[in-house]
Structure formats: structure tokens, C-alpha cells
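Chemist: Please see the structure below; I have some questions.
The values are calculated or read from the model by the stated rules, or taken from the named source; none is laboratory data. Since this is a predicted model, take the numbers as computed values, not measurements. Virtual Cβ from ideal backbone geometry, glycine too; neighbours counted across all protein chains shown.
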Ligand SMILES: [Mn+2]
């Protein structure tokens, strides 16, 4: 790191390219008040955690550390391998439960529309704090700060850090940068805003390495994942401006692939010229199918996932559907064309 350059910068006051609304100011003030009054928290996010969920949990934990609070970090499912280099990842209890954690500890849920989305037991009856950036967000908590204009929940965590005047450490910078990189599709999705770059700029000044993080996220594919992509592309279907594909349990076995290897396949489908919406189905051991949908422009696929009790963003969403495969595909097509 070139400390000569850093020495000239005022790192004590991170820049914010974001005008807080009155609602946001009120929400952050409420949050900081709870952080002062309660000393122990449970921090969690959704099941099948993505880069934003994991990076934001770790980033928020460091804010709580610096405010003198303690926290238990719990996620229902393991972190995908591409996040294995995230600093302090071992602080998170994966596959954990909150049942044995002191019931007086409030739970902070990042990008969840309710307790069920966490897949964690033992959250019922606690004070609940809800921080979310999904259009499908719901007011289930005592504090509900939902900002669909935030590119990642990590951007909201960053705003909390600035308001709380905590130091943005290198480890926090790496985690939050990873979240933003992953949730903006490497700064390509419509949620990419001046604030995304402003925060990324600040995080880079504080030691997040864009090339190292990009290498971890995008240039570490196991061979099984590439083989599975081939299988899924061989099954590709096109109808008008829609594209779809799937992998079955047998496909996974043939490629010696894991469910994690399905991550990103749908991105190849929506990348096709003339395609406005694409979806990908992965067969699960119980015979249900995990659905990922992507779109370009105004086509709202959060609405489609919500029809099947899922959720997400205008251009990226997901849910679970019962089998068999053909009926799952037909139901998605009906919703997409509806
Ligand atoms: Mn997110």
C-alpha cells in the first residue's frame, strides 16, 4: 500500500455521495440509539447467503465491536467458496441457531423480509431490527430501514459506519467492497449508482484491493462449475425474448458439481442478445426446484418470484417451486408472460 498517498488524504471523514432522506436519518438515529442501549446482538441474513449477506454481516459486526457491543453472527448455510478469503469469516457460525443466545439480545436481520427468510431458529420473541434494500422488503421489525435505492445492504452498513463515526478498517473495507461488487454484478446492474462508486472509492482507499477481490470472486471457478455450465447451456431453451435452462440432480452428479456451481449460470442466459428475461432451475434433493430469474430494463422479475413466495429486485429474484420440471417451467412462463 502506498502510504505516501494515503497520508495526504483525510481518512477520518469518509466521503458520502448520498443525500440521506428524513426517513433514513430517522432510521439510522433509531439504530444508533439501540446500539447504545443494548450491548449484545444477534446479526444474521438470509439462507443461502450471497456476497452481500456475508460481507454486510461481517462489516456490521465490526461497527458493533467499535461501539463496544458484542455480537453473535449466525447464518443458516455455508459461505460459497469464492468468499473464503473474506477477513473474519470464522466469526460467523454457519448452519447455526440463535436458540441458545440470550433472549434479550435483539436480532439484526440484513436483507430479509421476515424471520423465515433467515432459516435460523431462535429469533422469535426477540426485538427485531430490519435493514433491507429489496423492493420486496416488509416492515416486520421494531426498526425497519428499507431502501431499494441502495445498491447493496453493504451500502447501508457503510452509511451506518459513517453516521456512527467508527473507523473503516481494512477488513471492513474488504467485506463491504466484496458485497457491493457482488450485488452490482461488478458494477454493471441498474442498481449501480454514483454512490456505489463513491463507497467503492472510499473502501479502496482503506485497503480493499479491487483486483484481488475480483480474482477471488470471478477467476476461481472449479472445473466442475465450467462443465456444469456446458450441460446447462446444452439444455438452453429460447422463446421470443425469454431464455431458460436447468440442471437436474443427475446433471450435478455427472459433472461432480455442487449446488454452488450453479451460481451465475442464469447470468449467461440473460447475457444473450434480444433476451429480456431469463430463468434457471436447479433440482433440489427433495424434488423441488430452486429458481433464479434475471431481466433487463423495466421487466420486473421480483413480481414473478413474489408470486411463488420468493422475492428480490426488479432485475434479479429467486424462489422455490415444486416439481416436476415441466410444470415448474410452465408456471414461470405463465407468470413472466402475464
Ligand atoms: Mn443484497
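Chemist: What is the number of the single condition among (1) more than 16 Å from the ligand (Cβ to nearest atom); (2) surrounded by 19 or more Cβ atoms within 10 Å (Cβ to Cβ) that residue 84 does not meet?
Modeler: That leaves (2) as the condition not met.
Chemist: List the number of the failed condition for residue 130; all other conditions in (1) surrounded by 19 or more Cβ atoms within 10 Å (Cβ to Cβ); (2) touching a helix residue (DSSP H, G or I) at 6+ places or on another chain (Cβ under 7 Å); (3) under 21 Å from residue 316 (Cβ atoms) hold.
Modeler: (2)
Chemist: Identify all residues within region 234-248 that are surrounded by 12 or more Cβ atoms within 10 Å (Cβ to Cβ) and over 15 Å from residue 224 (Cα atoms); write none if there are none.
Modeler: The answer is 235, 236, 237, 238, 241, 242, 243, 244, 245, 246.
Chemist: So, one more: Answer yes if at least one residue in region 115-124 is outside any loop (DSSP other than H, G, I, E, B), over 14 Å from the mean Cα position of the chain (by Cα) and surrounded by fewer than 24 Cβ atoms within 10 Å (Cβ to Cβ), and no otherwise.
Modeler: yes
Chemist: Go through (1) more than 16 Å from the ligand (Cβ to nearest atom); (2) at pLDDT below 95; (3) surrounded by 16 or more Cβ atoms within 10 Å (Cβ to Cβ) one by one and return the number of the condition residue 48 breaks.
Modeler: (1) is the only condition that residue 48 fails.
Chemist: If the requirement is being out of contact with any helix residue (DSSP H, G or I) (no Cβ under 8 Å at 6 or more places or on another chain), closer than 26 Å to residue 85 by Cα and assigned by TED's automatic domain parsing to the domain that holds residue 28, which of these qualifies: 119, 137?
Modeler: After applying the criteria, what remains is 119.
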